[in-house]
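Only one structure is covered here, and it is reproduced in the block below.
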Amino acid sequence: MPIKANIHDAKTNLSKLIKLAIEGEEVIIAKAGKPVAKLVPFVEKSKERKLGFLKGKIELRDDIDEPLPEKIIEEFYR
């Protein structure tokens, strides 16, 4: 069940509400009884991966889409 707080209570108890959000609780902030914001923990985005950074460093064989040899398949399913 989400925790609901009006704006005045949210300002007064901001540290407690942040702690609850970090712990996984859903915290909703309301104005005149209507939800206006949701307090969620900040999650650092991972760095965007650059396409082509391995260009010239990896070589794909011409038989890349051929079936695997039976020996490798047998070892995999042991």
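Just so you know, all these numbers are worked out from the coordinates, no wet-lab data involved. Note that the coordinates shown come from a computational prediction; the quantities given were computed from them, not determined experimentally. Using ideal geometry, Cβ is built from the backbone for each residue, glycine included, and neighbour counts are taken over all protein chains shown.
Assorted remarks:
- In the range 15-78, chymotrypsin sites (Phe, Trp or Tyr not before Pro) in a DSSP loop with at most 11 other beta-carbon atoms within 10 Å: F42, F53, Y77
- Once exposed loop GluC sites (Glu not before Pro) are cut out (DSSP; at most 10 other Cβ, 10 Å), longest piece of the chain: 1-22
- Where only DSSP H runs of four or more residues are counted, the chain gives -7000 deg cm²/dmol as its mean residue ellipticity at 222 nm, each run worth -39500 (n - 2.57).
- Among G33, P69, M1 the positive-end extreme of the charge dipole of the chain (Cβ point charges): G33
- Cα centre as origin, Lys/Arg/Asp/Glu Cβ charges: the chain dipole, Debye: 980 debye
- Near the amide H of A30, within less than 5 Å, lie the amide hydrogens of A5, N6, I7, V36, all on another chain or at least 5 residues away, with H placed in the peptide plane.
- Considering every alpha-carbon pair of the chain, the percent of pairs per 10 Å bin, from zero through the bin containing the longest distance, is 14, 24, 12, 11, 14, 18, 8.
- Whole-number percent relative contact order across the chain, with pairs defined as alpha carbons under 8 Å at least 6 apart: 22 percent
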